[in-house]
Each structure stands twice: as C-alpha cells, then as structure tokens.
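J.: The structure under discussion is supplied below as structure tokens; questions concerning it will follow.
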Amino acid sequence: MYLIADIGGTNARFALVEEGVFVPKLERTLSCKNYRSLVDAVLAYLDDVSQRMPEMASLAIATPVSSDRIVMTNHTWDLSVEETRKVLGLNSLKVLNDYTALALALPYLGTDEYHQVGQGVAVEQQTLAVLGPGTGLGVSGTVFAGDYWFPLQGEGGHVSYGPLNDRESDVLGIIGQHHNFISAESLVSGPGLVLLYESIAKCDGVKHELLSPDQVTNKALNRTDASAVEALAMFCGILGAIAGNLALTLGARGGVFIGGGIIPRLGNYFATSSFRTRFENNSRFRQYLSEIPTYVISSKYPALIGAAVAVKKQYSYLGATSVSH
C-alpha cells in the first residue's frame, strides 16, 4: 500500500492504494485551513483511518511543481519535497501538479464516471484535454504516445482572457479598474464567480451582498438574485470559450473533460447553459469544434487515480521526487 493525495487550495483528499492497482481505498477529505502544514494533514489522515505510515507516497498538488521547493498558489502551505519525505519517514515521495494527475487519470475513468454535454464523438487515441474551476482553474491534457499516455505540465488557468461580447466588455471593464491583468482563473473559479457577481452588480448600480461562491451559486439556481443569475450564466459561457480555445490549442479530438469542484454540482443547469454554444463559437473552426465531445467528470476522486498512476516508471520525470539513499 502507498499513500496518494489530491491537494487543492481548499481541501486535501487522501487515500491509500495497492501498488499496480489504481483503485483508492480509505478516502478522506480534510479542510486545508485546519492544518498548519501538509505533514500535519498527512498525519491526521493516517490517524483517522488507523493506518501506519507507508513507505511511498504520490501527491498531486494545486501549484506548479518544477523543483524541490513548492509554494501553493491558492493556499499558504510551503514545503520542500526532500524535507517532507524525511519528516514523514518515507522511502519515496513524488509530488506533481494536480491537473497533470487528473490528465493521467482520464484514460482510466470508467464510462460511468463522466457524462457528455452537447454533441461530438471522441476519436480514439487522440489528445484529451481537461480543465476545471475550483479554488483556482486547473488546465492540462494528455497525448497518446504509442504504448502510454504522455501528460502535460502547464498552467493554462493563468492565460489572459478577453471579453467576447458587449456585456462581458462592460463587466470586465469594472474588473479592470482594480485588476491590471484578467486571467482565465480570475473569472472561472470560486473567487472568480464571486468577482463576476460583484462586478455585474456594480455595473448595473445595484446593491450586492458579500457572498461565498456556494451562496452565489445557490441564489443563481434558486433565481433569488438577478446579479447571481447572470454571474453563473456568464461563468459557464466564459468556461465554454476557454474550453474551446484549449481544444483548438491541443487538437483535443479525444474530448475535453471538465473537472473541479463547481461544475459537477450544477447538474442539468450546466447542460442547458451557454457552455456548449460558446465552446463551438468560432467563425472558421465551428465545424471542427462541433465534432469534439465535452464531458463533465462525476468521479468523486479522479486526481487520486492520477496520483496512483504517476508512480509508474514511465512517469518518473513528472513533478519532483525525493528518494532515500
């Protein structure tokens, strides 16, 4: 057995898995804010499931991973892979980006672990793309390399975003008064949904409450706040435009998958939103995009699967690894 984890800006999901078997066991979700460090969270998890420290761990984390020192983008944890391995007493510790792990998981998902939104038919062994709004916006993809899938290590959530209609121009104009750079993540994430809500209200000159992302979503779904209703609709549309750009960039004819903590909760609302229309909205490549399927991942712990897959030898180059000598 070895330890696997999917660590986001809000929650840290842990599990154990048997080597060579990519089925997580003893899954638990801990709130990151309740622990001073990753080490504290790991120890709390193992105590909760009454398990001793395994010899090996593979952790997916929501931040760029290119060296021993890791500083989380949307949380306060700051760690050294080498020091963390030593403190935990592990023989081997691997750390990789969470959406690289999610990309690794895509070929292993069962057909009951995602559902299609809109039209399109996947082309076998063609590139798969994945993105998902949560505390931030994760973006990745995986390319078929003959006998295995080659995952990408990128930070596509931080690309710039420009408005695509007059209403978006007005709202982003409000946002631009306080932000000198508007990224995809700054709009399509939990904090981004709140920012859209507040900016729409300011644009229209109406009062707004101080709400959490969940509160904005609930008011939108219940149609009790006009600014929230428009914010969630705009959120889905912008996500569609970003997903379409990603599909074109990667040539993702195998499909585009939507993960993260927000979209799977929207159910049929998302299916009937402007997401798919905006995904296909391209003057010259509309037909190309219309043939690419889009899916919402419903698997509860998909990145954990990817963290387990990442220990395979062909992925030794991914992220950062510390091994005892």
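Just so it is clear, none of the values below were taken in a lab; they were calculated from the coordinates. Everything numeric here is computed off the predicted structure, so don't read it as measured data. Here Cβ is always computed from backbone atoms with ideal geometry, including for glycine, and neighbour counts include all displayed protein chains.
J.: Suppose we keep just the DSSP beta bridges with both residues in the chain; what percent of those would be antiparallel, to 5?
T.: Approximately 65 percent, going by the DSSP bridge assignments.
J.: Note down the relative contact order for the chain as a percent, whole number, built from C-alpha pairs under 8 angstrom at least six residues apart.
T.: After rounding, I find 24 percent.
J.: I would also like to ask the following. Using a Gaussian network model on the chain with a 10 Å cutoff between Cα atoms, which of Gly259, Gly240, Gly20 fluctuates the most?
T.: Gly20
J.: Give me the distance between the Cα centres of region 112-127 and region 155-185, rounded to whole Å.
T.: Each part's Cα centre sits 29 Å from the other's.
J.: Using only the alpha-carbon atoms of region 32-156 as identical scatterers, what base-10 log of I(q)/I(0) does the Debye formula give at q = 0.13 Å⁻¹?
T.: Calculated log10 I(q)/I(0) at the listed q: -0.66.
J.: Specify the inter-centroid distance of region 10-81 and region 251-325, based on alpha-carbon positions, in whole Å.
T.: 22 Å
J.: Here is a follow-up. Could you give the length gained by full extension between Lys207 and Arg52, i.e. 0.36 nm per residue of separation minus their alpha carbon distance, to one decimal place?
T.: Between Lys207 and Arg52, full extension yields 50.5 nm more.
J.: Run the quick spin-label model on Asp40 and Ser66: label points 7 Å from Cα toward the beta carbon, then report their separation in nm to one decimal.
T.: Spacing of the two 7 Å Cα→Cβ label points: 3.0 nm.
J.: Set the bar at 26 Å for Cα to Cα. Now go through Lys25/Lys313; Lys94/Lys300; Lys33/Lys312; Lys33/Lys202 and name every pair that lies beyond it.
T.: Violating the 26 Å Cα-Cα cut-off are Lys33/Lys312; Lys33/Lys202.
J.: Also, quick follow-up: Using a 10 Å cut-off on Cβ atoms, rank the peptides 124-136, 244-256, 59-71 from the highest mean neighbour count down.
T.: With the highest mean Cβ count within 10 Å placed first, the list reads 124-136, 244-256, 59-71.
J.: I'd like the orientation of helix 38-48 relative to the chain: the angle between its Cα long axis and the longest Cα principal axis, in ° from 0 to 90, rounded to 10.
T.: 70 degrees
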